[in-house]
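The values are calculated or read from the model by the stated rules, or taken from the named source; none is laboratory data. The model shown is predicted, which means the values in this text are computed figures rather than measured ones. Cβ sites come from the backbone with ideal geometry, for glycine too, and all protein chains shown count toward neighbours. To get the accessible areas, we keep the full protein, side chains included, count just its heavy atoms, and leave off ligands, DNA and RNA. Shrake-Rupley method; radii C 1.70, N 1.55, O 1.52, S 1.80 Å.
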Amino acid sequence: MRLFPFLTLLAFAETLSAQHESPALQNAFLRPHTSLNGDWQHFPDRYEAYFYDFVRVPFDSSKQGRGDFAAMDAVARDKTERYEYGFDGTPVLHVPGDWNTQYERYLLYEGSIWYRKKFPAPKRSAGERVILRFGAANYRADVYVNGQKAGVHTGGFTPFQFDVTGLLRGGDSSNSLVVRVDNQRSREAVPTDVTDWWNYGGLTRDVGLYVLPNTYVSDYQIQLADAKTLAGFVQLEGTNRARQTVKIDCRELGFGVSLTTDANGRASFRESVTAKRMWKPSDPYRYSFIVDAGPDRTTDRIGLRTIATQGTKLLLNGEPIFLRGISVHEEAPSRGGRANGWEDAAVTIGRAKELGCNFMRLAHYPHNEYMPRLADSLGILLWEEVPVYWTIAWGNPATYANAERQLTELITRDRNRAAVIIWSMANETPDIPERLTFLKRLAAHARAIDGTRLISAALFKAGKGAQQYEVADPFAEFADVVSFNEYIGWYEGTPAALPGAKFSFRQNKPVIISEFGGGARAGLHGDSLTRWSEEYQAWLYRETTKLVDRTPEVAGMTPWILADFRSPRRNLPGIQDGWNRKGLIGEHGERKLAFYTLQAYYHERATRKP
C-alpha cells in the first residue's frame, strides 16, 4: 500500500515531463542541424542518489522543492553553499558512444550516469521552433534543458525528440543540456533482463538540434504499393497544419502531386507511375524526391521496389530471389563497443558483401540509422527487428505498449528505405497464448502503419520424430515469411546429424533459416570433431548448406553470425572469455575457415537460376 502514492507520483511526474515531446522527425538524417556530438561532462550515480530522495521519490517531481532541477547543474555562489555533486571538473564521455568501452571501470557498469553538454542556442527567426533529437540512448533517458525537464524516453535503440523552443536561452547565453541515462535491465522491459549480448549504456547515437518552421513536415512515406502505383502520405506538425498545401515532386519520374492536409495535418496520395529503374541489389538506384510544405521543404533519395510472396517463393520486383544473408550485432568491427557512424557501417556491410551476401539480418534490436542508409546505397536487403526477446513479460500492458512504441519508432525512421524488406516481431519466444496475442497485436500494428513490407519473426523448430522437423509455432500463420532458428550440430548433436535431418512445412510460404551455426575460436585448429575448432565450424556449415539445398521451401538464410561479439553469458576460459564465438570473423578481424565455406556456397548459389 505504501508504494501506491509513490507510483502515482512518479506517473504524474512523467506525464508532466513529457509536455515537450514531439513525434519523431522523418528524414532527420538529411536535414540541416547543429550537432551536439563530442565530449560531454559526466559522473556516475549507481545508487541514483541524485534522481530519487531517500524514500524513492524523484527530485524532479512537482511535489519536491527541487522541482526545477536547476541545482543539478549549479555552482556554489559562495563558501556557505553546499553541493555534493556537479559537472565542472568531471571527466568526459564521447558522444555518440557507449560508456563501457571508454573507461575500464565502466566495462560491466549497469546503472545511471549523468551527462552534461553546454552549447549556444542555434539562430532562429521569429516563429521557428527548436527540436532536440537523440538517435538513441540505452535505456531510459531523462532530459533537462536549463534546469527544466524536457521529457523521458524509454527504449535503447530508437530515436526520440523534444520541442525545446521554450526552454532555451537566446543570444550568446550558454545553455545547459543534462541527461540522465540508466541502462539497468528489468523483467518488464523490452528487451527483458535476460539477453545474450552486451548491455552497452549511454548516449550511443547522434544528438542534434533542428531549427524548423512553426508548421513543418514531421513524417512521410513514399513507396510502391505495386509495380505501377506510388502511394503514401505526408504528415505536418504545428499550429497551422490543417488545410495546408503540400507538394511532392520527382522530376526524373515525371511525378508531381499537390495535396491538401486534413484537420490532423495529414494528406495521402495514390498515383500511377512508371519507374524505369527498380531498386535491387545489383542496381540500388534511388530517385530524388522533394516534399514541399511552404515554409518547410525536405529532399530524400528513395529507391522504388516491390517485395511480395507467391507460395514458397519470395519475389523482389516480381522476380524470385534467394536471400544470401548473414546475421549481425551492432558492435564496432574495429575498435569494439557499440557501433555508430559511417565507418562502422561501411566495414560491416563490406564484410557481408565480401562473404557474397545480398541480405543482412540486423539482430536483435534496431541498429543505428547509418546501416539502412548505407545498405540503401550499396544494395543490401535488410531484416530489421525490435528486441522482443526470450522472456518478455507477455501479460504486462506496459511491456506491450513499450514494444509497440519501439516498433513504431523503427518503422517511422526507416519506412522510406528500399533496402528494408522485413519487419521482425520477435526472436526465440515461447509458444504460449499470452505471447501469441502479444505478437499478433504487434504484427497488426506494423501492417497498419506500413503495408509495403513483409512480417516475420525468428521462431523455434519442433521435432516430429527422429531427425524430422517442422515449424509448428502458431504465429507462423500470421507471418508472411516463416523463419526459424536451428542449431543441429551445435546444441543438438554433431554435424554428423545433419545429413539425415529433414524439414517439412505446413505453411505454403517462403522460409528463412534465421539462425544456424556453431562456435569456433579464431586460430584454434584440430580435426573436424574437435569442438571450438575452425574445422568443426566449417564442417557444420558444409552440412547445413546441403540441408538448405534439399529443402526447396527455403528462400533465404541468415547464419549466426558475421563476427564474434561480447556476451557476459559466454565465459569458457581460453575459448570464449566473455565472447560469443559463433562469428565467421574473429574479434580481431580474422576470417575463420567457415567464412570461406559459406563464401564459396554463396558465390555458387548466386549463379543458379531461382
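Residues of the range 408-422 being among the charged types (D, E, K, R), part of a helix (DSSP H, G or I) and either in contact with a Lys or Arg (Cβ under 8 Å, 6 or more places away or on another chain) or open to solvent by 10 Å² or more (accessible area, probe 1.4 Å) (or both), which ones? Within the range 408-422, GLU409, ARG413 qualify. Scanning the range 261-278 for any residue that is open to solvent by less than 70 Å² (accessible area, probe 1.4 Å) and closer than 21 Å to PHE29 by Cβ turns up nothing.
Filtered by the rule that a residue be out of contact with any Pro (no Cβ under 8 Å at 6 or more places or on another chain) and small (Gly, Ala, Ser), the range 519-552 gives GLY519, ALA520, ALA522, GLY523, GLY526, SER533, ALA538. Assessment of the range 519-537 against the conditions (β-branched (Val, Ile, Thr) and either closer than 30 Å to GLN310 by Cβ or touching a Lys or Arg at 6+ places or on another chain (Cβ under 8 Å) (or both)) yields no matching residue. For the range 353-364, the count of residues that are within 15 Å of GLY156 (Cβ to Cβ) and aromatic (Phe, Trp, Tyr) is zero.
Can you pull out every residue in the range 482-495 that is closer than 14 Å to GLY517 by Cα and not hydroxyl-bearing (Ser, Thr, Tyr)?
Of all residues in the range 482-495, those closer than 14 Å to GLY517 by Cα come to 484-495.
Within the range 482-495, PHE484, ASN485, GLU486, ILE488, GLY489, TRP490, GLU492, GLY493, PRO495 meet the criteria.
The residues of the range 242-260 that are in a loop (DSSP other than H, G, I, E, B) and either within 21 Å of THR452 (Cα to Cα) or open to solvent by 50 Å² or more (accessible area, probe 1.4 Å) (or both), listed by number, are ARG243, GLN244, GLY254. Would you say ARG335 is within 25 Å of GLY156 (Cα to Cα), in contact (Cβ under 8 Å) with a residue 24 or more places away in the chain and surrounded by fewer than 23 Cβ atoms within 10 Å (Cβ to Cβ)? So ARG335 fits the description; yes. Going through (1) under 15 Å from ILE513 (Cα atoms); (2) in contact (Cβ under 8 Å) with a residue 60 or more places away in the chain; (3) open to solvent by 30 Å² or more (accessible area, probe 1.4 Å) one by one, ARG405 falls short only on (1).
For ASP564, the criteria (1) surrounded by 18 or more Cβ atoms within 10 Å (Cβ to Cβ); (2) under 25 Å from ILE455 (Cα atoms) hold in every case but one, which is (2). Filtered by the rule that a residue be open to solvent by 10 Å² or more (accessible area, probe 1.4 Å) and in contact with a helix residue (DSSP H, G or I) (Cβ under 9 Å, 6 or more places away or on another chain), the range 503-518 gives PHE503, PHE505, ARG506, GLN507, LYS509.
Before we move on, is THR239 exposed (fewer than 15 other Cβ atoms within 10 Å of the Cβ), out of contact with any Lys or Arg (no Cβ under 9 Å at 6 or more places or on another chain), over 30 Å from THR607 (Cβ atoms) and touching a residue at least 24 places away in the same chain (Cβ under 8 Å)? Yes, satisfied.
Only one of the numbered conditions (1) closer than 14 Å to THR452 by Cβ; (2) of a type outside the set (A, V, I, L, M); (3) surrounded by fewer than 21 Cβ atoms within 10 Å (Cβ to Cβ) is violated by TYR220, and that is (3). Among the residues making up the range 146-165, those that are in contact with a helix residue (DSSP H, G or I) (Cβ under 8 Å, 6 or more places away or on another chain) and either of a type in the set (A, V, I, L, M) or open to solvent by 20 Å² or more (accessible area, probe 1.4 Å) (or both) are ASN146, GLN148, LYS149, ALA150, VAL152, THR154, ASP163, VAL164.
Selection of the range 539-553 for residues being open to solvent by less than 40 Å² (accessible area, probe 1.4 Å) and out of contact with any helix residue (DSSP H, G or I) (no Cβ under 7 Å at 6 or more places or on another chain) yields THR544, LEU547, VAL548, THR551.
If the condition is being open to solvent by less than 10 Å² (accessible area, probe 1.4 Å), β-branched (Val, Ile, Thr) and within 14 Å of GLN161 (Cβ to Cβ), then the range 195-216 contributes only VAL207.
If the condition is being surrounded by fewer than 22 Cβ atoms within 10 Å (Cβ to Cβ) and either free of Cβ contacts under 8 Å to residues at least 24 places away in the same chain or not hydroxyl-bearing (Ser, Thr, Tyr) (or both), then the range 359-379 contributes GLU369, ARG373, LEU374, LEU378, GLY379. Here VAL143 fulfils each of the conditions (1) assigned to a loop (DSSP other than H, G, I, E, B); (2) surrounded by 18 or more Cβ atoms within 10 Å (Cβ to Cβ); (3) without any contact (Cβ under 8 Å) to a residue 60 or more places away in the chain; (4) among the β-branched types (Val, Ile, Thr) apart from (1). Residue pairs whose Cβ atoms lie under 8 Å apart, sitting 6 or more positions apart in sequence or on different chains, and linking a residue in the range 472-486 that is without any contact (Cβ under 8 Å) to a residue 24 or more places away in the chain and farther than 10 Å from PRO510 by Cα to a partner that is outside any strand (DSSP E or B) and not small (Gly, Ala, Ser), do not occur here. Of all residue pairs spaced 6 or more apart or on separate chains, those with beta-carbon atoms under 7 Å, a first member in the range 78-96 that is touching a residue at least 40 places away in the same chain (Cβ under 8 Å) and a second member that is acidic (Asp, Glu) and open to solvent by 20 Å² or more (accessible area, probe 1.4 Å) are PHE87/ASP73; VAL92/ASP39; HIS94/ASP39; PRO96/ASP206.
May I ask you to list the residues in the range 578-610 that are closer than 21 Å to GLY526 by Cα, open to solvent by 10 Å² or more (accessible area, probe 1.4 Å) and more than 27 Å from the chain's Cα centre (by Cα)? LEU593, TYR596, THR597 - these are the residues of the range 578-610 that are closer than 21 Å to GLY526 by Cα, open to solvent by 10 Å² or more (accessible area, probe 1.4 Å) and more than 27 Å from the chain's Cα centre (by Cα).
The criterion of at least 1 residues that are within 27 Å of ARG286 (Cβ to Cβ) and over 21 Å from the mean Cα position of the chain (by Cα) is met, among strands (runs of 3 or more DSSP E) falling completely within the range 160-231, by 207-212, 216-226.
Could you please let me know if TYR536 is touching a Gly at 6+ places or on another chain (Cβ under 9 Å), without any contact (Cβ under 8 Å) to a residue 60 or more places away in the chain, hydroxyl-bearing (Ser, Thr, Tyr) and open to solvent by 20 Å² or more (accessible area, probe 1.4 Å)? It is false that TYR536 is touching a Gly at 6+ places or on another chain (Cβ under 9 Å), without any contact (Cβ under 8 Å) to a residue 60 or more places away in the chain, hydroxyl-bearing (Ser, Thr, Tyr) and open to solvent by 20 Å² or more (accessible area, probe 1.4 Å).
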